[in-house]
1. List, in order, the whole-Hz ³J(HN,Hα) value for each residue of the range 35-51 obtained from phi through the Karplus relation with A = 6.51, B = -1.76, C = 1.60 and θ = phi - 60°; use x for Gly and Pro.
2. Run the numbers for Leu213 and Lys415: contour at 0.36 nm per residue of separation, minus the present Cα-Cα distance, in nm.
3. Compute the FRET efficiency between Thr504 and Val246 as 1/(1 + (r/R0)^6), taking r as their Cβ-Cβ distance and R0 = 60 Å, and round to the nearest 0.05.
4. Taking the Cα atoms only, what angle lies between the long axis of helix 156-172 and the longest principal axis of the chain, rounded to 10 degrees?
5. In degrees between 0 and 90, to the nearest 10, how far off the longest principal axis of the chain does helix 201-233 point, with axes built from Cα atoms?
6. Collect residues whose amide H, placed 1.01 Å from N in the peptide plane, falls under 5 Å from the amide H of Val75; neighbours closer than 5 in sequence don't count.
7. Can you compute log10 of I(q)/I(0) for the range 328-414 with the Debye formula, treating each Cα as one identical point scatterer, at q = 0.20, 0.25 Å⁻¹?
8. R0 = 60 Å: FRET efficiency of Leu34 with Val460, Cβ-based, nearest 0.05?
Amino acid sequence: MTTTLAQAIPVPPIDYAAIAPLLVVLATALVGVLVEAFLPRHQRWPAQVALSVVGIAAAGLTLGIYAGGAGPEGVVTLSAALAVDRPTLFLWGTLLALGLGSVLLIADRSVEPGGAILPSAIARASVGGRSTGTGAGPEDRDYGSPDQAPTMQTEVFPFTFFALSGMMTFVAANDLLTMFIALEVLSLPLYLMCGLARRRRLLSQEAAVKYFLLGAFASAFFLYGLALIYGYAGSVRFSDIAEASVGSARSDALLYAGLALLVVGLMFKASVGPFHTWTPDVYQGAPTPVTAFMAACTKVAAFGGILRVLHVAFGDTRWEWRGVLWAVAIASMVIGAVIGLTQTDIKRMVAYSSVAHAGFLLLGAMAITPAGISGTLFYLLAYGFNTLAIFGVISLVRDADGEASHLSQWAGLSKRSPVVAYTMAFLLLGLAGIPLTSGFTAKFAVFSAALGDGMGPLVVIALIASAIAAFFYLRVIVLMFFSEPAPDGPSVTVPGAFTTAAITLGVLITLLLGVLPTLALEWAAGGVFVG
């Protein structure tokens, strides 16, 4: 009987070496759950931090070993559910490196005494206090030092690794069903993490609810689009969709209706305007280390998935959908650049900056060429570390209520802390795309790929949007260096080792990718997608 079942249901071949980094990250998340279940509360934080660092290091080691011997052709495994090719390996390496920086920011307990994550899972937001949610509850008390403050809820560490495993699966997914499951695995922990802020609890909970509700709508769009495409192609595998789209005599109405709904779900996750409505509120309300994780890693995962969908499944029909994405890219760049000018909260400003950068990234994703792939991958690497470091710096400027996020509170920062001011200025110049930073090289790579694929007018619009966006980056620099600080202005917290390491990593990579980008560009250009 067993032999008959084995013959009827053959076991799919699995390339364990290829998916080892993903398995290590998922195993780290599962072990983290066991740590929460069996270790005493006072032992969980050091155990989770050590486990997180070891897990990412082990995943990175297995990735390096496999990538060193892998060829440019890539492999398809798990019944063709996952495709591990050179772009996948690049994205996995980027996600692991950004994940390490994010974990360090989340683990830090020196910037915010006790950590940025709330100390009790049942803590409620105070009724009194400001409309932002700052109240007189125990989570808002000034404890003075990490030793006096109750420690953070360490469930955030397995949440982070579950989200990271979903992101790694998302960029490697070779069919729409696997991609949808990965989308939910990466999204659900983020919904919870957004509501875990120690300070400004009402704002944090509001951000979590908004993200969850809008994310549910986006997932529904994605799933409905998946169903329509399956009805057209009879398969959810990317290669089958590509084959059906060029070799079928049937009406293309189902195909393009499904693609339109699919694009809505993907663009929502990538914070592409006009599907960005969750981004400013969630960036502002979530704990800043969680915001850094979302801003860096989610952007990489979302555009990694967009690249694979457009290149593998719909590359042969690009002339039909490119006009629509032109409009989406223009809307995203204009919304991000123009509305960013009006922002007075620095976290919301960076949120609209991410919307503009999503429009720039879309230029590379629409260029169905090897240069488009490599340029977009390099841009994701550069943008991820730049943004991660910026949120690390934002967490250091604080007043009695927590982070001083209003732009007026950053006036004269160079007189209070020159190191923090110069670091922030360099990172803002990186986002603006000034030469000798990674932002300049990344924009040059993406714009060159778009220009080479016949998108000259779109590149001109992108250059204008970049110039507009540069204004609100320079406005912060002018505030920091050419304005007088208020007598009762915020102070700058001396960061601990974890936050210092994360910011230093981001600054160094932003500088190296601007001065010596050759190695990363060659790695990004090392292969194409397989399906």
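Quick note: the coordinates plus some simple rules give every number you see, no bench work behind them. These numbers come from a predicted model, not from an experiment. Note that we place each Cβ from the backbone using ideal geometry, even for glycine, and neighbour counts take in every protein chain shown.
1. 4, 5, 7, 10, 8, x, 4, 6, 9, 6, 4, x, 5, 5, 5, 5, 4
2. Net length gain for the segment: 68.4 nm.
3. 0.75
4. 30 degrees
5. The two axes meet at around 10 degrees.
6. Placed amide hydrogens put Val84, Asp85 under 5 Å from Val75.
7. Taking Cα atoms of the range 328-414 as identical point scatterers yields -0.95, -1.18.
8. According to the calculation, E is roughly 0.65.
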